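The next block holds one structure in the form of structure tokens; read it before the comments.
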Amino acid sequence: MSTISALNTGIAGMQRGVAMAEKSASAIASASISTSGDPSAVAEPLVELMMARLQVEASAKVVEAVSDTIGTIIDTTA
């Protein structure tokens, strides 16, 4: 896999994670308003929010690894 392809994959993963977090946050806000404090209504969106955070963190590590690799290549060829 080329470094550009890996970078694009990492960025796309971060974007998916952010979109998932936004959807989960919206579901939590809606459930909080409409269910009068029933904790089971927010359980699934909270789990999805945690999954979104992990998605973004993992994708950020991919981007960081690609950045380090590109830096090493530049340092080696310079």
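The values are calculated or read from the model by the stated rules, or taken from the named source; none is laboratory data. What you see is a predicted model, and the numbers here were worked out from it, not measured in a lab. Cβ placement follows ideal geometry from the backbone for every residue including glycine, while neighbour counts extend to all protein chains displayed.
Within this structure, I28 fails the test of being surrounded by fewer than 12 Cβ atoms within 10 Å (Cβ to Cβ) and among the β-branched types (V, I, T). Residues considered: S5, S32. Of these, the only one that is assigned to a helix (DSSP H, G or I), closer than 30 Å to G71 by Cα and at pLDDT below 95 is S5.
Taking the criterion of being over 22 Å from L54 (Cα atoms), in contact with a helix residue (DSSP H, G or I) (Cβ under 7 Å, 6 or more places away or on another chain) and polar (S, T, N, Q), the residues of region 9-41 that qualify are S32, T35.
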